[in-house]
1. Name the residues in the range 36-57 that are open to solvent by 50 Å² or more (accessible area, probe 1.4 Å) and part of a loop (DSSP other than H, G, I, E, B), would you?
2. Output the residues belonging to the range 221-245 that are buried (at least 18 other Cβ atoms within 10 Å of the Cβ) and among the polar types (S, T, N, Q).
3. Failed condition for Tyr171, given (1) open to solvent by less than 20 Å² (accessible area, probe 1.4 Å); (2) over 30 Å from Glu119 (Cβ atoms), with all others met?
4. Which residues, counting only those in the range 116-127, are in a loop (DSSP other than H, G, I, E, B) and either over 26 Å from Val208 (Cα atoms) or among the acidic types (Asp, Glu) (or both)?
5. Quick one: count up the residues across the range 60-115 that are modelled with pLDDT of 90 or more, assigned to a loop (DSSP other than H, G, I, E, B) and surrounded by 15 or more Cβ atoms within 10 Å (Cβ to Cβ).
6. Can you tell me which residues in the range 122-144 are surrounded by fewer than 18 Cβ atoms within 10 Å (Cβ to Cβ) and in contact with an Asp or Glu (Cβ under 8 Å, 6 or more places away or on another chain)?
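The values are calculated or read from the model by the stated rules, or taken from the named source; none is laboratory data. These numbers were taken from a predicted model, which means no experiment stands behind them. No Cβ is skipped: glycine too gets one built from the backbone with ideal geometry, and neighbour counts run over all protein chains shown. Remember, those area values only see protein heavy atoms, side chains included, never the ligands or the DNA or RNA. Shrake-Rupley method; radii C 1.70, N 1.55, O 1.52, S 1.80 Å.
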Amino acid sequence: MYHFFVTPDAVAEGRIFLEGGDVNHMKNVLRMRPGEQVEISDGNNRMYRCAVERYEEGKAVLAILESRMADTELASRITLFQGLPKADKMDWIVQKAVELGAARVVPLAARRSVVKLDEKKSEKKVSRWNSISESAAKQAGRADVPEVTRVMGWKEALELAETLDVLLIPYELERDMEHTRTCLERIKPGQSIGMFIGPEGGFEKEEVEAAQRAGAESISLGRRILRTETAGLALLSVLMFRLEQ
C-alpha cells in the first residue's frame with residue numbers, strides 16, 4: 001500500500017486533504033482512482049488507512065477508513081552524527097539510516113572530511129538528503145519523516161549532543177568489547193541517543209576526546225575496520241535490535 005505524509009491540520013471531519021507534489025504523484029504517476037486505498041502518517045504518531053474519494057484543484061480528498069497509533073518507531077530517538085563522506089555516499093547513508101529507525105541525521109563537518117561545502121552547496125545537498133529521507137520513510141512505513149539538519153561543525157554538533165541522554169562514538173582504538181556491551185546494555189527505551197560516525201579516515205584523537213568530555217562513551221564495533229558508510233548502519237542495527245518492542 002502506498003504511503004504518504006501530511007501534517008495534523010490536514011485531518012478534518014473524517015477526511016484527509018493531501019496537497020503538494022504528492023497529489024500529482026498519486027493522480028498522474030500512480031494513476032490512483034477513487035476507491036483505491038493508501039496509508040497516511042500525520043507526523044503525530046498516528047496512521048490512517050484511507051480511500052481516495054476525489055481530486056480537487058491541487059488537492060486529493062481521502063476518506064478515512066481506519067485510524068490507529070503508529071507502531072513503526074523505535075522506543076528511543078536516535079540521532080546519527082555522520083561525518084561528511086566523499087562522493088554521494090551520504091545519499092545511501094541517509095536512506096538506510098532512516099530505514100533502520102534513525103530519528104535525525106546531522107551531517108558533520110569533521111576535520112578529516114574531504115568534502116567541503118559552501119553555504120549554497122550545503123543547502124542544495126541538505127534539501128536532497130531530506131527528500132531521500134522522505135522517500136525512505138515512505139518505503140519503510142515510518143510514522144514521521146526524520147530530519148536531516150544543516151551541516152554542523154564539531155562545536156555546534158557537540159552542543160546539540162549534550163542535550164541527549166546517551167552518546168556513543170565508535171573508535172578504532174577502542175578494543176574493549178566488554179565495555180561496549182555494558183554501554184549498550186545500559187540503554188533504556190525512551191532515552192535519546194546520539195551516535196558519532198567519522199568520515200573516511202575516522203575522527204582525530206582531539207575530536208574523540210572532545211566528544212568524551214561532552215559525555216560520549218567510546219565503543220568498539222569489533223576487530224575489523226569498517227567504512228564510514230558501514231559503521232553507522234552496523235551500530236544502528238544493533239540498537240534497533242535492542243530497542244524494538
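1. Pass one, the range 36-57, residues open to solvent by 50 Å² or more (accessible area, probe 1.4 Å): 36-37, 44-46, 49, 53-57.
Listed by number, the residues that qualify are Glu36, Asn44, Asn45, Glu57.
2. Thr228
3. That leaves (1) as the condition not met.
4. To start, the set of residues in the range 116-127 that are in a loop (DSSP other than H, G, I, E, B) comprises 116-118.
Once the filter is applied, which keeps residues that are in a loop (DSSP other than H, G, I, E, B) and either over 26 Å from Val208 (Cα atoms) or among the acidic types (Asp, Glu) (or both), the range 116-127 yields only Asp118.
5. 8
6. Arg128, Asn130, Gln139, Ala140, Gly141, Asp144
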